[in-house]
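Colleague: One structure follows; several queries about it will come next.
Values in this text are rule-based calculations from the coordinates and carry no lab data. From a predicted model like this one, the values you see are computed outputs, not experimental measurements. Here the Cβ is made from the backbone with ideal geometry for all residues, glycine too, and neighbour counts use every protein chain on show.
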Amino acid sequence: MHTMWKGTISFGLVNIPVKMHAATENKDVKLRQLHKECQTPIKYQRTCPNCDRDVESDEIVKAYEYAKNKFVVLDDEELANLKKEQEDKAVEIVDFVKLDEIDPIYFEKSYYLSPGDGGGKAYGLLRSALNETGKIGVAKMIIRSKEQLAVIRIYQNTLVVETIHYPDEVRAVQDVPNVPEETETAKKEIDTAKMLIEQLTTEFDPEKYKDDYRTALLELIEAKKNQDEVTTAKEKPKPDNVTNLMDALEQSLDRAKKDKPKTKKKTASSGKKKTASSSKKKTGS
């Protein structure tokens, strides 16, 4: 299992070297976008609308937009120093609380913790203490350049870090539109609803729940593969030397035609004048 982060978790005077691993993975079926005409994958390029050209990675800087079209630019060194300053701090458990005191709306992502070198005993100590007290630890840590609020708890004999949102990241329920106030409901309707809930009540077994859409989508893809309903992206033709030579010759010919000065046509009158003058000279002679 890939190690995402190494650090130290501390509570009191106890320090636990740990490694962090992603506890979950996204299994969404990712679909590519193709050009309908030639079945080639579409590319998305970074462009500057002001300069009207593609932009390379080394031309891009990070900035914070504090007002419409007004930015504070932050260079990589400033961000790196700030990140290192925070990452050097140990992950400190600041409080212990009961798990049921935290509403699920706060929970974000789960990570497994494994003990680092020499940390097995301290790891077991924290696990036992959490297990016997029924508490979880509340801590702060840096993950991917962001300071996260997190809880540390036990999941099947393994310590888990669960990142949680800060209170100001959870939107106010008062902003949700069209939520009805207390409504009058007939007692018979409530009793019927409660009876239905009782009939559907069971122990939670995560194995019984499947992603039906993903399963159906994969089956559809497999069926199309088996029926040879597949396509191959067309490769862009590479011009050979002959084509390049012909193109160069044709372009040179066109350019030569455009650059060639236009010759003036002799008019009939000028011709007559020259003839007349020449005949005069002959007569005089």
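Colleague: Measure off 7 Å from each Cα along the Cα-to-Cβ vector at THR8 and TYR106, then give the distance between these two points in nanometres to one decimal.
Modeller: The modelled label-to-label distance comes out at 2.7 nm.
Colleague: Return a single number: how many Lys pairs in the stretch 1-75, at a sequence separation of 8 or more or on separate chains, have alpha-carbon atoms below 27 angstrom apart.
Modeller: The number of close lysine pairs in the stretch 1-75 is 9.
Colleague: Return the loop-located trypsin sites (Lys or Arg not before Pro) in the stretch 1-45 (DSSP other than H, G, I, E, B) with at most 13 other Cβ atoms within 10 Å of their own Cβ; answer none if there are none. Write out the running numbers ahead of the final one.
Modeller: Values: sites: LYS6, LYS19, LYS27, LYS30, ARG32, LYS36, LYS43; in loops: LYS27, LYS30, ARG32, LYS36, LYS43.
Sites meeting the loop and neighbour criteria: LYS27, LYS30, ARG32, LYS36, LYS43.
Colleague: Amide H neighbours of MET4 under 5 Å, at least 5 residues apart or on other chains, H built in the peptide plane: list them.
Modeller: MET20, HIS21, ALA22
Colleague: About the Cα centre, and with charges only on the beta carbon of Lys, Arg (+1) and Asp, Glu (-1), how big is the dipole of the stretch 1-147? Nearest 20 debye, please.
Modeller: In debye, rounded to 20, the stretch 1-147 gives about 480.
Colleague: Trypsin sites (Lys or Arg not before Pro) within the stretch 102-184: which are DSSP loop residues with at most 11 other Cβ atoms inside 10 Å? All intermediate terms of the calculation are to be shown ahead of the outcome.
Modeller: Details: sites: LYS109, LYS121, ARG127, LYS135, LYS140, ARG144, LYS146, ARG153, ARG171; in loops: LYS135, ARG144, ARG171.
Here the trypsin sites (Lys or Arg not before Pro) that fit, given the DSSP loop and packing criteria, are ARG144, ARG171.
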